[in-house]
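For reference, the structure I am asking about is given below.
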Amino acid sequence: MANEINLEKAKEVLDSGLEEAKELIQDPSKITDLLAQVEEKIKEVPVIGTGLANVPTMISLVKSYITKEYDAVSPKVIVSGVSALLYLVKKKDLIPDNIPILGQADDIAVIGVAMKVIEPELNAYKEWKESQA
């Protein structure tokens, strides 16, 4: 039951950031700043685990979309991903990050919900990226 509540809250948080995310993807300098903040933030997380392990790929996908290097992705996916990334860097968490382990649980829940939404397109992006190497 507690897990359902966390996922429900995480979905609400993700949805609450959609409008801000839509605005952000219109400004490449702001999105670049956000992505840099996220990269710094995930360095602070003691154990990335499976929930946050795909954050670097999500960052890469957003960068590739913004630079128009990769456009075979739904704008909804980009907005959902940016909304989750916004949550990671915002100071207002469901559980404060300074609480060891529990402080990252809400971050992982929000990213987990975002990953479920964008997983197929994230996988397609990974395949495309590998084919470019």
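The values are calculated or read from the model by the stated rules, or taken from the named source; none is laboratory data. All values reported here derive from a predicted model rather than from experimental measurement. Because the Cβ atoms are built from the backbone with ideal geometry, glycine has one as well, and the counts that use them run over all protein chains shown.
Filter segment 7-24 down to the residues that are at pLDDT 80 or above, more than 13 Å from the chain's Cα centre (by Cα) and charged (D, E, K, R), then identify the one that is surrounded by the most Cβ atoms within 10 Å (Cβ to Cβ).
The selected residue is 22.
A quick yes/no check of all residues on (1) assigned to a helix (DSSP H, G or I); (2) at pLDDT below 85; (3) out of contact with any strand residue (DSSP E or B) (no Cβ under 8 Å at 6 or more places or on another chain):
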residue: 30; (1), (2), (3): yes, no, yes
residue: 42; (1), (2), (3): yes, yes, yes
residue: 46; (1), (2), (3): no, yes, yes
residue: 57; (1), (2), (3): yes, no, yes
residue: 91; (1), (2), (3): no, yes, yes
residue: 94; (1), (2), (3): no, yes, yes
residue: 97; (1), (2), (3): no, yes, yes
residue: 107; (1), (2), (3): yes, yes, yes
